[in-house]
Amino acid sequence: MSDKKTSNQMWGGRFASGPAAIMEAINASIGFDRKLYRQDIRGSIAHSRMLAEKGIITADDQKKIEDGLNAILKDIEAGKIEFSAKLEDIHMNVEARLAELIGPAAGRLHTARSRNDQVAVDFRLWVKDETLRVAEALKELIAAFLERAEEHAATVMPGFTHLQTAQPVTFGHHCMAYVEMFARDLSRAKDAAERMNESPLGAAALAGTGFPIDRHMTAKALGFREPTRNSLDSVSDRDFALEFLSLAAICATHLSRLAEEIVIWSTPQFGFVRLSDSYSTGSSIMPQKKNPDAAELVRAKTGRVNGHLVGLLTVMKGLPLAYSKDMQEDKEAVFDAAETLDLMLAAMTGMVRDMTINTAAMKKAAGSGYATATDLADWLVRTLGLPFREAHHVTGRAVALAEQKKLPLDRLTIEDFHSIHDGITDGVFSVLTVQNSVKSRTSFGGTAPSEVRKQIRYWRKRMTKS
């Protein structure tokens, strides 16, 4: 057996040609970074215009470069370009095609830049655009919740702690909790987009360049606020990717919490909501089943997004300045997380707008579990002047009596209440219904319908400025 044959068997059938095939497979990124073609061509056009403006290349060469790049853009979008793994990445694939189209002038494009700052600007442009797209998707989800909150500002439902009935709230108030949650995600997206609004183009490999370039010109042309201020950090920074993954993971976690509630609410045991057929599936064996698959998949995909964040944090944690090839592992994580989050947001927005609310089931459940017990304790404090701890004790005895009689609190008689505390009057019954309970919660941010409507007005006004 020849040494070559033995070597090929050691490498395995997939890499029959040996180490060179393995190196090509592990080194090439064109399989995923082709997604950056628009940003790469946009950055190259801006760079070429700056080079011509500064007299570093001729106007004639710049025109050839720009015309060639625009032709490549059209060919890529028409599916006419066949990318090569041997050229490693999108940058070299575009440059090679440009050379085929315009000849030696293509070689002048890479003057005063490196693939290090080139990939940094391409990726940052892509992530910034995606972050702003996430912000727009969040606005749609928030708008959907505001619509449902307004519709159900006075619809009573049980509020839970530990998934046990705690106090009555309104479904509108519950919806507004998600408005607050997703508005924080929106704020994070807008803040992150502002932080990544600096251009690394012109940092070159790591030390800048001796050519008289104008980084402010290229930054402005690419829609950045200004250029980055340190060439080392410019090419080694992936905070923008980490921050996108961070906000994506937090947002996905919020979506998962909502998905879990929808899964619970749509069970026959709760029956609070019914999903449309658009966001449900049936069972292959049980004809009565209607499964909340869309919500379950949103819940599951959160693990995928969270995993990408942990993965990139792990890649970056041990890297010295400036660029290392490890950083090639940044893109697949961000691309997949972005695609996943886009789908999760669209699915959840559709579910929120589409689901039917069973107000009768919510109202019935709101009165279960002695949900107005806290209202009784508060009444004892306000009306009889009892210390809260004593009121808490008296209320506990009332609940125990109601449980013994298998009655809700508002069905106990005044004699029942007198057996617990002789100071209790008929006025106590005014606070023991779930409707009166929620109406009384008028503190700022409370569940009273009047307060819910105030918060809806506030958020509608605030969202018009977002």
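Filtered by the rule that a residue be in contact (Cβ under 8 Å) with a residue 40 or more places away in the chain, assigned to a helix (DSSP H, G or I) and open to solvent by 20 Å² or more (accessible area, probe 1.4 Å), segment 46-59 gives Arg49, Glu53. With respect to (1) under 15 Å from Leu222 (Cα atoms); (2) of a type outside the set (A, V, I, L, M, F, W, C); (3) open to solvent by 10 Å² or more (accessible area, probe 1.4 Å); (4) not assigned by the TED database to the domain that holds Leu186, the lone exception for Asp40 is condition (3). The set of residues in segment 62-95 being open to solvent by less than 20 Å² (accessible area, probe 1.4 Å) and closer than 21 Å to Ala112 by Cα consists of Ile65, Gly68, Leu69, Asp89, Ile90, His91, Asn93, Val94. Comparison of Gln455, Gln435 shows that the only residue that is surrounded by fewer than 20 Cβ atoms within 10 Å (Cβ to Cβ), closer than 30 Å to Ala183 by Cα, assigned by the TED database to the domain that holds Asp410 and in contact (Cβ under 8 Å) with a residue 24 or more places away in the chain is Gln435. Among the residues of segment 132-147, those that are more than 16 Å from Gln455 (Cβ to Cβ) and either touching a strand residue (DSSP E or B) at 6+ places or on another chain (Cβ under 7 Å) or surrounded by fewer than 19 Cβ atoms within 10 Å (Cβ to Cβ) (or both) comprise Leu132, Arg133, Glu136, Lys139, Glu140. Report every pair of residues separated by at least 6 positions or lying on different chains whose Cβ atoms are under 9 Å apart, first residue within segment 331-342 and farther than 14 Å from Val298 by Cβ, second among the hydroxyl-bearing types (Ser, Thr, Tyr) and crowded, with 23+ Cβ neighbours inside 10 Å. Qualifying pairs under 9 Å: Ala338/Thr131. Here Ala346 fits the description: in a helix (DSSP H, G or I) and aliphatic (A, V, I, L, M). Within segment 378-395, the residues that satisfy the criterion of being open to solvent by less than 40 Å² (accessible area, probe 1.4 Å) and modelled with pLDDT of 90 or more are Leu380, Leu386, Ala391, Val394, Thr395. Glu198 meets the stated requirement of being over 30 Å from Ala149 (Cβ atoms) and in contact with a Ser or Thr (Cβ under 7 Å, 6 or more places away or on another chain). Among the residues making up segment 69-108, those that are in a loop (DSSP other than H, G, I, E, B), among the small types (Gly, Ala, Ser) and under 28 Å from Ala21 (Cα atoms) are Gly79, Ser84.
For Asp60, state whether it is out of contact with any strand residue (DSSP E or B) (no Cβ under 7 Å at 6 or more places or on another chain), under 30 Å from Lys190 (Cα atoms) and not polar (S, T, N, Q). The answer is no for Asp60.
Consider segment 335-377 and keep the residues that are farther than 26 Å from Ser246 by Cβ and hydroxyl-bearing (Ser, Thr, Tyr). The one that is surrounded by the most Cβ atoms within 10 Å (Cβ to Cβ) is Thr372. Selection of segment 161-174 for residues being open to solvent by 60 Å² or more (accessible area, probe 1.4 Å) and assigned to a strand (DSSP E or B) yields Thr161, Gln164, Gln167. Checked across segment 124-144, the condition of being more than 30 Å from Met351 (Cβ to Cβ) and touching a Leu at 6+ places or on another chain (Cβ under 7 Å) holds for at least one residue. Note on segment 376-417: residues that are in contact (Cβ under 8 Å) with a residue 40 or more places away in the chain and of a type in the set (A, V, I, L, M, F, W, C) amount to 4.
The values are calculated or read from the model by the stated rules, or taken from the named source; none is laboratory data. Here the structure is a predicted model, which means the values were calculated and not measured. Glycine also receives a Cβ, built like all others from the backbone with ideal geometry; neighbour counts cover every protein chain displayed. Keep in mind that these areas ignore ligands, DNA and RNA; they rest on the heavy atoms of the full protein, side chains included. Shrake-Rupley method; radii C 1.70, N 1.55, O 1.52, S 1.80 Å.
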